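Heads up: the structure comes next, in structure tokens.
The values are calculated or read from the model by the stated rules, or taken from the named source; none is laboratory data. Quick caveat: nothing in here was measured; it's all calculated off a predicted structure. Reconstructed Cβ throughout: ideal geometry from the backbone, glycine too, with neighbour counts over all protein chains shown. In case anyone asks, the SASA skips ligands and DNA or RNA and just uses the protein heavy atoms, side chains included. Shrake-Rupley method; radii C 1.70, N 1.55, O 1.52, S 1.80 Å.
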Amino acid sequence: FAERGFLGAVVFATSVDIRVSFGAESNGAEYERLDHDSLAPGDHREIPQFITRIVDGALLTERLIRGKDEYPTTERELRAALGDELTDDHLDTAPARAELRKDKGNAAFKDGIFAQAVVHYTEALELDPTHVVALCNRAQCFLKLGEHEKALSDADACIAIKHDYVKAHFRKGLALHAMRR
């Protein structure tokens, strides 16, 4: 970039060793690395995304956090907005976002759009693989779609997570009956 002010923002996820230079700095091959080892992804259920911007005159790379409403922000911005009220729940939004996707699946199921409901339940499970309701509901969608093996697989996975979940046992029985087993 000709000047630091021209940078705007760089958003990246799986890239490694991202570097940038500014103005006269680029002639001397002096580059600033945007990603660095201190950006440990932590325990995330998704591929971590990062944003680099100029903050207070310096390059700052931060992990993006998506709120329940999917709006991207950073921990620094959340701390500025919430102060002492910031909790780990604000930083790990995957469970709330999984619940939102499960609700979208429920709406699609209610409308009889079973394939779309499967997509929403799958997205919920990518965020929270132990979401037994999403698993069991997806099993029901697979039953409606005639995908009995997949329904059985989801019912079994649900039972493995929560053995006493009656609805999962019922879905398993329906799948086995449909497969004449």
Inset, instruction - Tell me which residues, restricted to the range 154-176, are closer than 22 Å to residue 104 by Cβ, open to solvent by 60 Å² or more (accessible area, probe 1.4 Å) and not basic (Lys, Arg). - result: 161
Inset, instruction - Only one of these is under 27 Å from residue 94 (Cβ atoms), surrounded by 18 or more Cβ atoms within 10 Å (Cβ to Cβ) and of a type in the set (D, E, K, R): 128, 111. Name it. - result: 128
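The rows are residues; the columns are (1) within 30 Å of residue 144 (Cβ to Cβ); (2) outside any strand (DSSP E or B); (3) modelled with pLDDT of 80 or more.
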| residue | (1), (2), (3) |
| --- | --- |
| 5 | no, yes, no |
| 11 | no, no, no |
| 35 | no, yes, no |
| 43 | no, yes, no |
| 53 | no, no, yes |
| 60 | no, no, yes |
| 117 | yes, yes, yes |
Legend entry - Given (1) in a loop (DSSP other than H, G, I, E, B); (2) of a type in the set (Val, Ile, Thr); (3) modelled with pLDDT of 85 or more, index of the condition residue 47 fails: (3)
